[in-house]
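Undergrad: Got a structure here, written out as structure tokens. Questions coming.
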Amino acid sequence: MRVATTTEGNTIQPWCSVTDGETFDGWYDPKGIKITTDKSERKHVESIGDKHTLSIKNVDPAADGGIYQCRGNLNQDSLTVNIGCKYMSNTSL
């Protein structure tokens, strides 16, 4: 299983490829919901040839962390997305 790590608020763009005549089915989020190809959405999939990129803009630890799956009609690959939180230190006491 692959792991992608980013920080809250960034964009992450992991990709997968489907080869050997297999058909790309889609990227699925941690709840098993297929991610859209609509580029106006914060989470979307872009495909060029056999390369399929999952784009998550402005990542949010509560909403976006977890295991995503790239699925073909025969096989699947998993990717764990780890998101670190930004924080502000309070130096005035």
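Undergrad: How much area per residue is accessible in the chain when the probe is 1.4 Å and only protein heavy atoms are counted (Å²)?
TA: With all protein chains present, the chain gives 65 Å² per residue.
Undergrad: Relative contact order (percent) for the chain, with alpha-carbon contacts under 8 angstrom and 6 or more residues of separation? Show your work: numbers first, answer last.
TA: On the way: 188 pairs, mean separation 35.7, N = 93.
RCO, the chain: 38 percent.
Undergrad: Further question on the same structure: Place +1 on the Cβ of every Lys and Arg and -1 on the Cβ of every Asp and Glu in the chain, take the dipole about the Cα centre, and give the residue among G49, G65, S17 whose Cα lies farthest towards its positive end.
TA: The residue sitting most towards the positive pole is G65.
Undergrad: I'd like to compare 11-18, 30-37, 71-78: which one has the highest average count of other Cβ atoms within 10 Å, and what's the full order after that?
TA: 11-18, 71-78, 30-37
Undergrad: Report the residues of the range 11-42 in range of a label on N75: point 7 Å along Cα→C-beta, backbone N strictly under 18 Å from it.
TA: 15-28
Undergrad: Between E41 and V3, what is 0.36 nm times their sequence separation minus the Cα-Cα distance? Round to one decimal in nm.
TA: The span from E41 to V3 would gain 11.4 nm if fully extended.
The values are calculated or read from the model by the stated rules, or taken from the named source; none is laboratory data. Note that the structure is predicted; figures quoted are calculated from it, not measured. When we count neighbours, we look across all protein chains shown, and the Cβ atoms used for this are built from the backbone with ideal geometry, even at glycine. Areas reflect the complete protein model, heavy atoms only, side chains present, ligands, DNA and RNA absent. Shrake-Rupley method; radii C 1.70, N 1.55, O 1.52, S 1.80 Å.
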